[in-house]
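A.B. asks: One structure follows; several queries about it will come next.
The values are calculated or read from the model by the stated rules, or taken from the named source; none is laboratory data. This is a predicted model, so every value here is computed, not measured. Cβ placement follows ideal geometry from the backbone for every residue including glycine, while neighbour counts extend to all protein chains displayed. Accessible surface areas use protein heavy atoms only, side chains included; no ligands, DNA or RNA. Shrake-Rupley method; radii C 1.70, N 1.55, O 1.52, S 1.80 Å.
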Amino acid sequence: MRLCTFLVDDRQELCALVDGDTRLVRLQAASVGRLGQPDPHLTDMLTFLAAGEAGRAAGHAALDFALQKQSENVVRKVDDSCVQQLAPLPRPESIREFMTFEQHVINCARKFGMKPWRARLDEWVETAFGRRHTRAYRDSLPWYERPVYYKGNRFAVVGHNAEVRIPTYTRAFDWELEFGIVLGKGGRNIPKDKAREHIGGYVVFNDFSARDIQGREMGGRLGPAKGKDFDTGNAIGPVLVTPDEVPDPYNLTMTARINGEEVSRGHSGGMRFSFEDIIAYVSQNETLYPGEFFGSGTATLPESGRDRRGCGVEMGRFLKAGDVIELEVERLGILRNTITQG
């Protein structure tokens, strides 16, 4: 299923998109038509995720019923003036943002003025995740040992077609070409070979950044803080695609466009740490819950000899008011946002 949250007549509802994402199915309304009463598993995205198999069964049953009956009240056009698309999970239980693409780490280390390149290109390092090629700054070696992350502001999430406001304090406003997962099952000390069972779905993610502020903050060995934390700073959407629709999440082409011009391209196969690695790592002695969001970090192409840049700071190009930024991830759809001045 391609699940989303819409404001329908000013009320948040869990919906599914069909017909090339041109029509939405109001799942709870379909369930009432089918059962004569609301289904508790379809109240919203979070309750759906927490319900696991029961939620997915309820969603499929409601969707099948709606498509058979084709009621105008249950099946609506996405461009209906009475509906507004939100982020699939408008308020995640948490946001953890990772760096999993090696070339992005290398590019940003150079841009933010880390110490000169010291590691030889033929050096290798043994880590808990296997034998890794260093190919980065000596000071960046901890990145090869474990999937590092920061925690974002879960209250600053917007969805597809939403406006994203440039903070008044930055002169270097950036996008990031990413995708992510939403947990559908919680747990603690989750083994890697069981981790995929905990993924509730995949989404496109744009992690906006005030790069000039981020660079100054991280010089203090903490952060990012206001380099990342501002209203509308996390765009997630357009839909949450359930795992059965994504046979191989590590074989997805990713593209970024500004005002219709392609500016970067990536591939999910370039992730140094998989989402399974990440879930196993984060859940060590820490309980995870349905509805938590994990971002992949900025995607680049894995092939050598190509232009591998996934965000503006890597190419010296930043966003300005009036720009339209689109991120497209194969199988997941297009996340579009218009940039405005905060």
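A.B. asks: Quick one: count up the residues across the stretch 163-198 that are more than 24 Å from G233 (Cβ to Cβ) and out of contact with any Asp or Glu (no Cβ under 7 Å at 6 or more places or on another chain).
C.D. replies: 10
A.B. asks: Kindly provide the set of residues from the stretch 319-340 that are of a type in the set (A, V, I, L, M, F, W, C) and either open to solvent by less than 10 Å² (accessible area, probe 1.4 Å) or assigned to a strand (DSSP E or B) (or both), ordered by number.
C.D. replies: To start, the set of residues in the stretch 319-340 that are of a type in the set (A, V, I, L, M, F, W, C) comprises 319, 321, 324-325, 327, 329, 332, 334-335, 339.
Once the filter is applied, which keeps residues that are of a type in the set (A, V, I, L, M, F, W, C) and either open to solvent by less than 10 Å² (accessible area, probe 1.4 Å) or assigned to a strand (DSSP E or B) (or both), the stretch 319-340 yields V324, I325, L327, V329, L332, I334, L335, I339.
A.B. asks: Find the residue count for the stretch 196-223, including only residues that are among the basic types (K, R) and in contact with a helix residue (DSSP H, G or I) (Cβ under 7 Å, 6 or more places away or on another chain).
C.D. replies: In the first step, residues of the stretch 196-223 are kept if they are among the basic types (K, R); the result is 196, 211, 216, 221.
In the following step, the residues that additionally are in contact with a helix residue (DSSP H, G or I) (Cβ under 7 Å, 6 or more places away or on another chain) were identified as 196, 211.
Summing the residues that are among the basic types (K, R) and in contact with a helix residue (DSSP H, G or I) (Cβ under 7 Å, 6 or more places away or on another chain) in the stretch 196-223 gives 2.
A.B. asks: Select from the stretch 36-50 the residues that are part of a helix (DSSP H, G or I) and either without any contact (Cβ under 8 Å) to a residue 40 or more places away in the chain or surrounded by fewer than 16 Cβ atoms within 10 Å (Cβ to Cβ) (or both) and list them in ascending order. So that I can check it myself, show each step before the final result.
C.D. replies: Initial filter on the stretch 36-50 (part of a helix (DSSP H, G or I)): 40-42, 45-50.
Correct list: P40, H41, L42, T47.
A.B. asks: Would you be able to say whether some residue in the stretch 201-212 is open to solvent by 10 Å² or more (accessible area, probe 1.4 Å), in contact with a Lys or Arg (Cβ under 7 Å, 6 or more places away or on another chain) and under 26 Å from N337 (Cα atoms)?
C.D. replies: Scanning the stretch 201-212 turns up at least one residue that is open to solvent by 10 Å² or more (accessible area, probe 1.4 Å), in contact with a Lys or Arg (Cβ under 7 Å, 6 or more places away or on another chain) and under 26 Å from N337 (Cα atoms).
A.B. asks: Are any residues in the stretch 258-274 more than 14 Å from E330 (Cα to Cα) and part of a strand (DSSP E or B), and if so, which ones?
C.D. replies: I258, E261, E262, V263, S264, M271
A.B. asks: Another one. Yes or no: G297 open to solvent by less than 10 Å² (accessible area, probe 1.4 Å), part of a strand (DSSP E or B), touching a strand residue (DSSP E or B) at 6+ places or on another chain (Cβ under 8 Å) and under 17 Å from H104 (Cβ atoms)?
C.D. replies: On the way: open to solvent by less than 10 Å² (accessible area, probe 1.4 Å): yes; part of a strand (DSSP E or B): no; touching a strand residue (DSSP E or B) at 6+ places or on another chain (Cβ under 8 Å): yes; under 17 Å from H104 (Cβ atoms): yes.
Spelling it out, it is not the case that G297 is open to solvent by less than 10 Å² (accessible area, probe 1.4 Å), part of a strand (DSSP E or B), touching a strand residue (DSSP E or B) at 6+ places or on another chain (Cβ under 8 Å) and under 17 Å from H104 (Cβ atoms).
A.B. asks: If we keep just the residues of the stretch 275-289 that are part of a loop (DSSP other than H, G, I, E, B) and in contact with a Lys or Arg (Cβ under 6 Å, 6 or more places away or on another chain), which is surrounded by the fewest Cβ atoms within 10 Å (Cβ to Cβ)? Talk me through it step by step, then tell me what you get.
C.D. replies: To start, the set of residues in the stretch 275-289 that are part of a loop (DSSP other than H, G, I, E, B) comprises 283-287, 289.
Those left that are additionally in contact with a Lys or Arg (Cβ under 6 Å, 6 or more places away or on another chain): 283, 287.
Details: S283: 19, T287: 10.
Ranking the candidates gives T287 first.
A.B. asks: Which condition does D212 not pass, out of (1) modelled with pLDDT under 95; (2) under 21 Å from L86 (Cα atoms), if it passes all the others?
C.D. replies: Looking at each condition in turn, D212 falls short on (2).
A.B. asks: Filtering the stretch 145-164 down to residues that are of a type outside the set (F, W, Y) and outside any loop (DSSP other than H, G, I, E, B), which residue is least open to solvent (accessible area, probe 1.4 Å)?
C.D. replies: Going through the stretch 145-164, the residues of a type outside the set (F, W, Y) turn out to be 145-148, 151-154, 156-164.
Imposing the further condition that a residue be outside any loop (DSSP other than H, G, I, E, B) reduces the set to 145, 151, 157-158, 163-164.
Numbers: E145: 78, K151: 125, V157: 24, V158: 24, E163: 111, V164: 0 Å².
Checking each candidate, the answer is V164.
A.B. asks: Can you say whether G223 is touching a strand residue (DSSP E or B) at 6+ places or on another chain (Cβ under 9 Å), modelled with pLDDT under 95 and surrounded by fewer than 22 Cβ atoms within 10 Å (Cβ to Cβ), as far as the supplied structure shows? Please lay out each step first, then the result.
C.D. replies: On the way: touching a strand residue (DSSP E or B) at 6+ places or on another chain (Cβ under 9 Å): yes; modelled with pLDDT under 95: yes; surrounded by fewer than 22 Cβ atoms within 10 Å (Cβ to Cβ): yes.
Yes; evaluated as a whole, the condition is true for this residue.
A.B. asks: List every residue pair whose Cβ atoms lie under 7 Å apart, where the two residues are 6 or more positions apart in sequence or sit on different chains, the first residue falls within the stretch 22-35 and is free of Cβ contacts under 8 Å to residues at least 40 places away in the same chain and within 18 Å of P88 (Cβ to Cβ), and the second residue, located anywhere, is buried (at least 21 other Cβ atoms within 10 Å of the Cβ) and among the charged types (D, E, K, R).
C.D. replies: Q28/E13; Q28/D39
A.B. asks: Going residue by residue through the stretch 177-184, is there one that turns out to be touching a residue at least 40 places away in the same chain (Cβ under 8 Å) and open to solvent by 30 Å² or more (accessible area, probe 1.4 Å)?
C.D. replies: Our first condition is that a residue be touching a residue at least 40 places away in the same chain (Cβ under 8 Å); within the stretch 177-184, this holds for 177-184.
In the following step, the residues that additionally are open to solvent by 30 Å² or more (accessible area, probe 1.4 Å) were identified as none.
No, the stretch 177-184 contains no residue that is touching a residue at least 40 places away in the same chain (Cβ under 8 Å) and open to solvent by 30 Å² or more (accessible area, probe 1.4 Å).
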